[in-house]
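Written out below as structure tokens is the structure these notes cover.
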Amino acid sequence: MAKIFCIANQKGGVGKTTTTVNLAAGLAKVGQRVLLVDLDPQGNATMGSGIDKRQLELSVYDVLLESASIAEAAIKPEKCGYDVLSANRELAGAEVELVQLAHRDQRLRHALAAVDNQYDFVLIDCPPSLSMLTLNGLCAAHGVIVPMQCEYFALEGLTDLVNTIKQVHANLNKDLKIIGLLRVMFDPRITLQMQVSDQLKAHFGDKVFDTVIPRNVRLAEAPSYGLPGVVFDASAKGSQAYVEFARELVRRAPTL
């Protein structure tokens, strides 16, 4: 049975897509079968996995509207080692179309049930806003991985996200919970970041992952080559951190 995790944070620019593609590549590297679901109409996770979003025959849009299955729509990028359910601008239209449909917030959950035994992990890259697309992701998932920078405003955004997860847990998906907080773009030389990191560990305890992702220019360069950093430059500190995070997630998975 696949572990299904949303990578979500209602604050933009915190490295959600970077985390999704590099965690997917890291999990593939340590021998896991992985499906990445791109739920963001911008299609950044699709492009960052080496897939041209303008050339898609089928996408997550078709899956949500039930005109295609995941088995039909998923693509295996040449170098990445994981499968991708891709997205493009069409997906923005699904917001409007889904509103009128039955079980509109459970579409992704039903589609994933058909491929449950084909993957060890399903990672869902959610848009930063709380939309019908994000809701589909949260209703399909067993838990949420929250990438966050150790800055003051990130703590504010975390409060909003925790409240959203509580509401979805109470009304739509009893399985949903926060799996853990991942500290990203971390610079130990900045005193504030160390202080916020300590606050997170004091408040959330073992919900804070041991792995810390450092600020790393190679991770930022990788998407322009259509590759995750883990594939683009395996020796970079950021890439090695994501592979270590993948190992930590595999270790933790049986108890989640």
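Where a number appears in this text, it was derived from the coordinates with a stated rule and is not lab data. These numbers were taken from a predicted model, which means no experiment stands behind them. Virtual Cβ from ideal backbone geometry, glycine too; neighbours counted across all protein chains shown.
Please compute the net charge surrounding Ser86, taking Lys and Arg as +1 and Asp and Glu as -1 over other residues with Cβ under 9 Å from its Cβ.
0
Restricting to DSSP H runs of at least four residues, report the calculated mean residue ellipticity at 222 nm for the chain, -39500 (n - 2.57) per run over all residues, nearest 500 deg cm²/dmol.
Taken over the chain, the calculation gives -12500 deg cm²/dmol.
Can you find, among Ala24, Ala154, Val60, the residue sitting farthest towards the positive end of the charge dipole of the chain, where Lys and Arg contribute +1 and Asp and Glu -1 at Cβ?
Ala154
In what order do His103, His169, His142 fall by count of nearby beta-carbon atoms within 10 Å, going from fewest to most?
His103, His169, His142
Which lysines, on any chain, are close to Lys166 with Cα under 29 Å apart, when same-chain ones fewer than 8 places away are left out?
The reachable lysines, counting only those whose Cα sits under 29 Å from Lys166, are Lys3, Lys11, Lys16, Lys174, Lys177, Lys201, Lys207.
Take the Cβ-Cβ distance between Ala71 and Lys174 as r, set R0 to 30 Å, and report the resulting FRET efficiency rounded to the nearest 0.05.
0.65
For a quick check, take a GNM of the chain with Cα springs below 10 Å and name the residue from Val30, Val84, Val146 with the largest mean-square fluctuation.
Val30
Cut-off 20 Å, label point 7 angstrom out along Cα-to-Cβ of Leu101: give me the residues of the range 160-196 whose amide nitrogen falls inside.
172-173
Once phi is turned into ³J(HN,Hα) by the Karplus curve 6.51 cos²θ - 1.76 cosθ + 1.60 with θ = phi - 60°, what whole-Hz value does each residue of the range 33-49 show in order, with x for glycine and proline?
With the stated coefficients, the range 33-49 comes to 8, 10, 10, 9, 10, 8, 9, 9, x, 5, x, 5, 5, 5, 5, x, 9 Hz.
Taking 0.36 nm per intervening residue step and subtracting the Cα-Cα distance, what contour gain separates Arg33 from Arg218 on full extension?
Between Arg33 and Arg218, full extension yields an extra 64.1 nm.
So if I take the centroid of the Cα atoms in the range 218-256 and the same for the range 122-173, what is the distance between those two points in Å?
Taking the Cα centre of each part, the range 218-256 and the range 122-173 sit 21 Å apart.
For the range 3-255, what class follows from the C-alpha gyration tensor (a ≥ b ≥ c being the square roots of its eigenvalues): rounded when a/c is under 1.5, otherwise prolate if a/b is larger than b/c, else oblate?
Oblate, because a/c is 1.5 or more while a/b does not exceed b/c.
If the reach is capped at under 17 angstrom between alpha carbons, list the aspartates and glutamates near Lys29, excluding any in the same chain fewer than eight residues apart.
Hits, sequence-local ones excluded: Glu78, Asp83, Asp120, Asp233, Glu244, Glu248.
In what sequence do Ser49, Ser224 fall when counting other Cβ within 10 Å, fewest first?
Ordered from fewest to most neighbouring Cβ atoms within 10 Å, Ser49, Ser224 come out as Ser224, Ser49.
Considering only DSSP beta bridges whose two residues both sit in the chain, what percent are antiparallel, to the nearest 5?
5
Ser129 to Tyr225: extension gain in nm, 0.36 nm per residue of separation minus the Cα-Cα distance?
This chain segment gains 31.9 nm when fully extended.
With a 10 Å Cβ neighbour count serving as the proxy for reagent exposure, in which order, fewest first, do Lys237, Lys53 appear?
Exposure proxy ranking, most exposed first: Lys237, Lys53.
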